[in-house]
Amino acid sequence: MDGTPVEPEAEARAAALRAFRDEMEILVREFDAVLPERIAMARSLTSSILEGDLASPGRDEGLRTIHHLAGSAGTFRRLELSRAARDLENEILAVVARGTLTEEGRANVTRLLSELEQAAQDQQDKEKI
């Protein structure tokens with residue numbers, strides 16, 4: 001330090017900021033660690049939907065997982081991953097609401113799952129750098 005007195009409030013704010021950053025780093029690592037599992041659940045739900053099983057027992061849990069993935073990814077500034085998850089969630093909800101899987105719906109769900117998988121892979125690749 002240069003000998004300039006530090007106000008106690010400034011020191012407390014700096015310490016709180018360091019603690020916050022440390023906690024966020026832990027949460028980001030935890031998010032990254034469970035990402036493959038969440039993508040696998042999205043893949044499983046999508047597979048059921050593409051097989052025409054719009055009311056599978058795991059549908060609600062799968063949709064919740066995709067929804068949480070979208071929100072968490074956004075919180076941690078994984079914006080492309082967040083967008084891809086949100087788009088897949090919305091398309092699956094639209095298919096379920098229609099009660100039938102059209103060819104367009106099939107193509108959209110397939111494409112959006114692929115985009116989600118690619119966004120997850122891109123994120124994992126970034127983490128390795």
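The values are calculated or read from the model by the stated rules, or taken from the named source; none is laboratory data. Quick caveat, the model's predicted, so the values are computed rather than measured. Cβ atoms come from the backbone with ideal geometry, glycine included; neighbour counts cover every protein chain shown.
In the stretch 56-91, what count of residues is obtained for those that are touching a residue at least 40 places away in the same chain (Cβ under 8 Å) and not in a helix (DSSP H, G or I)?
The number of residues fulfilling the criteria is 2.
Residues in the stretch 50-68: is at least one farther than 21 Å from Glu25 by Cβ, among the small types (Gly, Ala, Ser) and either touching a strand residue (DSSP E or B) at 6+ places or on another chain (Cβ under 6 Å) or modelled with pLDDT of 95 or more (or both)?
no
Hey, among the residues in the stretch 20-43 that are of a type in the set (Gly, Ala, Ser) and either modelled with pLDDT of 95 or more or not in a helix (DSSP H, G or I) (or both), which one's farthest from Ala94 (Cα to Cα)?
So, considering only residues that are of a type in the set (Gly, Ala, Ser) and either modelled with pLDDT of 95 or more or not in a helix (DSSP H, G or I) (or both), the one farthest from Ala94 (Cα to Cα) is Ala40.
Restricting to the stretch 18-55, give me the number of residues that are farther than 21 Å from Leu81 by Cα and surrounded by fewer than 16 Cβ atoms within 10 Å (Cβ to Cβ).
11
Taking the stretch 75-129 as the search range and keeping residues that are β-branched (Val, Ile, Thr) and over 25 Å from Ser56 (Cα atoms), which one is surrounded by the most Cβ atoms within 10 Å (Cβ to Cβ)? Spell out how you get there, then give the answer.
Step one: of the stretch 75-129, the residues β-branched (Val, Ile, Thr) are 75, 92, 95-96, 100, 102, 109-110, 129.
Next cut, over 25 Å from Ser56 (Cα atoms) only: 75, 129.
Details: Thr75: 13, Ile129: 4.
Once the filter is applied, the top-ranked residue is Thr75.
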